[in-house]
Amino acid sequence: MNIWITGASTGIGRELARQYAASGHSVFVTARGIENLQSLADECQALQGTVVPKPGDVCNADGMQTVFHEICDEKGVPDLVVLNAGTHKPTSATKFVLEDHLRLMDINFNGVLNGLNACLPSLLERGTGQIAVVASVAGYRGLPRAGAYGASKAGLINLCESMQPELKAAGVDLRVVCPGFIETPLTDLNDFPMPFLMPVDKAVKALIKGLEGNKFQIVFPWQMGIVMQMLRRMPNWLFLKVVKKISG
Ligand SMILES: NC(=O)c1ccc[n+]([C@@H]2O[C@H](COP(=O)([O-])OP(=O)(O)OC[C@H]3O[C@@H](n4cnc5c(N)ncnc54)[C@H](OP(=O)(O)O)[C@@H]3O)[C@@H](O)[C@H]2O)c1
């Protein structure tokens, strides 16, 4: 397969690129940090497949189009696009910082829009292909100190639900990926207990298996999926009580 992954310099995206390259696929990897992308390409040189750095900032709509068209020129329209780039920063309602909220929405939500804008016309024209948008179970319900992050991920889940039927009818298979806590540089920063924390290699195996299956929403680890589904189904009064108890 010909694959484009954004946010592939570290964490889930990097491991995904590595595992796909190990299976013989051609993987184009995008992030801002060229050194990390290059080290990934070097690391994967002995593998069956190839990893080609395509540096870029997902917040730059024109830049994403340029990256995508370069990939098409070099290898053809990708079979799989994984819009994975994202970040997290704790936010506070009482110490509200507008810039932090806007920045998280820009990278996590607008960054995916820019990726979709770049790849959709070519995938639709060909009438085949798969797109995976990486959201989070944090998008299921508003969690403390994660207002901007959760909102960006809830927005992605809603966006994908809305787009899936139309794209499916046009031959493009859109999936939304909702990880729980995965061991990456992103969660290394967390100073609170992370239930069911999953090693990144195991998480990526679950992600690849999910993409090969037929479920629209791919959730791992499953235990965190169940906990968050329960929270999602709770009435507001109970959910807010539980959150208050947990967060003190
Ligand atoms: N780890 C978890 O527990 C977890 C749980 C749920 C969802 N997720 C989601 O999974 C995705 C990957 O997260 P991760 O845990 O692997 O985090 P990570 O290790 O911090 O990786 C994030 C990746 O996104 C890239 N990125 C950030 N801002 C970018 C920008 N403006 N343009 C291009 N690339 C950008 C980073 O590279 P540069 O900084 O070099 O650009 C990096 O490659 C994110 O969307 C995250 O929200 C993670």
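With a cut-off of at most 16 other beta carbons within 10 Å, and DSSP calling the residue loop, which trypsin sites (Lys or Arg not before Pro) in segment 128-197 qualify? Please list them. In loop regions of segment 128-197 (DSSP not H, G, I, E or B), the sparsely surrounded trypsin sites (Lys or Arg not before Pro) are R145.
When you filter the chymotrypsin sites (Phe, Trp or Tyr not before Pro) in segment 70-169 for DSSP loop state and at most 14 other Cβ atoms inside 10 Å of their Cβ, you are left with F96.
From the P(r) of segment 1-157, could you give the percentage of C-alpha pairs in the tail past 19 Å?
Numbers: 6524 of 12246 pairs.
Counting pairs separated by more than 19 Å, the tail of P(r) holds 53 percent.
Provide the gained length on full extension for the span D73 to F96, in nm with one decimal, where the gain is 0.36 nm per separating residue minus the Cα-Cα distance.
Values: separation 23, 0.36 × 23 = 8.28 nm, distance 4.46 nm.
Difference between extended and current length: 3.8 nm.
Please give the calculated 222 nm ellipticity per residue for the chain, where each DSSP H segment of at least 4 residues contributes -39500 (n - 2.57) and the sum is spread over every residue; nearest 500 deg cm²/dmol?
Working: 10 runs with 124 residues, N = 248.
So the calculated ellipticity at 222 nm is -15500 deg cm²/dmol.
At a Förster radius of 30 Å, what calculated FRET efficiency corresponds to the Cβ-Cβ distance of K244 and T66, to the nearest 0.05?
Values: r = 47 Å, r/R0 = 1.58.
Once the sixth-power term is evaluated, E becomes 0.05.
Take the Cα of E161, step 7 Å toward its Cβ, do the same at N117, and the gap between the two points is 2.5 nm.
In this simple spin-label approximation, Q45 and D191 carry label points 7 Å from Cα along the Cα→Cβ vector, and these lie 4.1 nm apart. The angle between the Cα long axis of helix 147-169 and the main principal axis of the chain comes to about 50°, on a 0 to 90 degree scale.
Hey, fewest Cβ within 10 Å first, where do W222, W4, W237 land in order? Walk me through the numbers on the way to the answer.
Details: W222 11, W4 29, W237 8.
Going from sparsest to densest Cβ surroundings: W237, W222, W4.
With a ≥ b ≥ c the root eigenvalues of the C-alpha gyration tensor of segment 148-248, is it rounded (a/c under 1.5), prolate (a/b larger than b/c) or oblate? Write down the numbers at each step before the final one.
Numbers: a/c = 2.18, a/b = 1.35, b/c = 1.61.
Since a/c reaches 1.5 but b/c is at least a/b, the shape of segment 148-248 is classed as oblate.
On a 27 Å Cα-Cα criterion, which of the cross-link pairs K95/K241; K75/K168; K89/K209; K153/K209; K153/K244 come out too long? Table pairs above 27 Å Cα-Cα are K89/K209. Taking the centroid of alpha carbons for each part, segment 93-168 and segment 1-29 are 20 Å apart.
Take R18, R233 and order them by how many other Cβ atoms sit within 10 Å, fewest up front. List each step's numbers first, then the result.
On the way: R18 22, R233 11.
Ranked by crowding around the Cβ, least crowded first: R233, R18.
With the simple model of a label 7 Å out from the Cα in the direction of the Cβ, R232 to K168 spans 1.6 nm. FRET efficiency for Q223 and K89, Cβ-Cβ distance as r, R0 = 35 Å, nearest 0.05? Working from the Cβ atoms, E equals 0.85.
Sorting M163, M224 by the number of Cβ atoms found within 10 Å of their own Cβ, with the fewest placed first, yields M163, M224. Between A46, A138, A17, the Gaussian network model of the chain with springs among Cα atoms under 10 angstrom shows the greatest mean-square fluctuation at A46.
Every read-out reported here was derived from the displayed coordinates using simple, explicitly stated rules and does not represent laboratory data. From a predicted model like this one, the values you see are computed outputs, not experimental measurements. Heads up, the Cβs are rebuilt from the backbone with ideal geometry, glycines too, and the neighbour counts pull from every protein chain shown.
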